[in-house]
Amino acid sequence: MTTVARRALLMAGAGGAAGAAVTLAGCTSDGHRGGPRKPSAAERAAAAEAALRARSASTSRDLLLRYDAVIEGHPALAARLAPLRASVAAQVKALGEGGTAPAAGPTASASPSTPPSAAPSPSRSLTPVRVPADPAAALRDLATAVRATADTHTAALLTAPPEYARLLASVAASGAAHAYLLTEGGRG
């Protein structure tokens, strides 16, 4: 449809406006009719990054649930775990920014002196996290979960855009430090 024909339809008055809208709805800027428009490379890249951000934030959110479960099961560990938990909460937020926002969950605003139970926590998953009765075993299990989360973030580097890859690398390195603090760092 030419520009002149479109103008003529639009100028046809109130009665012709509805017909013009129906006629113009079938027009596309590239001349193709019917069928859905294929997303551009930029749109596909943005969708892939949003999905990666959602997965990464979810992975860290699951780790945050583990921290909460250990603290709930072993309140004596709360002071030791509070700074690590606060770090993971900040990571959840950072990993979700710029893409799909993480579900309502903890924020980095909780101070290390605030007991984790007083800080906002994510909704509990359907499957409760099992925490060993022995505090040392609970810390080892938590360290294993931290390492697995760091490994997941490291694997995601392969498909992440450069800026997000830097964030994932930083979060994975932080996880390695947390795992050390949960195991070796507590000895002595």
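Okay, here's what the table says:
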| quantity | calculated |
| --- | --- |
| Count - residues of region 37-83 that are touching a Pro at 6+ places or on another chain (Cβ under 6 Å) and β-branched (Val, Ile, Thr) | 1 |
| Within region 162-188, considering residues that are under 16 Å from the mean Cα position of the chain (by Cα) and loosely packed, with under 13 Cβ neighbours inside 10 Å, the one nearest to Ala51 (Cα to Cα) | Glu163 |
| Residue in region 125-135 that is under 20 Å from Leu167 (Cβ atoms), part of a helix (DSSP H, G or I) and at pLDDT 90 or above present | no |
| Condition met for Pro116 (surrounded by 15 or more Cβ atoms within 10 Å (Cβ to Cβ), in the same structural domain as Ser170 (by TED's automatic domain parsing) and at pLDDT below 50) | yes |
| Residue in region 143-152 that is modelled with pLDDT of 95 or more, under 14 Å from the mean Cα position of the chain (by Cα), surrounded by 14 or more Cβ atoms within 10 Å (Cβ to Cβ) and assigned by TED's automatic domain parsing to the domain that holds Gly175 present | yes |
| Ala78 being surrounded by 14 or more Cβ atoms within 10 Å (Cβ to Cβ) and at pLDDT 95 or above | yes |
| Top-ranked residue in region 81-106 [being among the polar types (S, T, N, Q) and modelled with pLDDT of 95 or more; ranked as surrounded by the most Cβ atoms within 10 Å (Cβ to Cβ)] | Gln91 |
| Matching residues, region 28-74, being at pLDDT 95 or above and assigned to a loop (DSSP other than H, G, I, E, B) | His74 |
| Search result, residues across region 46-80 that are within 22 Å of the chain's Cα centre (by Cα), farther than 17 Å from Leu158 by Cβ and of a type outside the set (Gly, Ala, Ser) | Arg61, Asp62, Leu63, Leu64, Leu65, Arg66, Tyr67, Asp68 |
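The values are calculated or read from the model by the stated rules, or taken from the named source; none is laboratory data. These numbers come from a predicted model, not from an experiment. With ideal geometry, Cβ positions are generated from the backbone for all residues, glycine too; neighbour counts draw on all protein chains shown.
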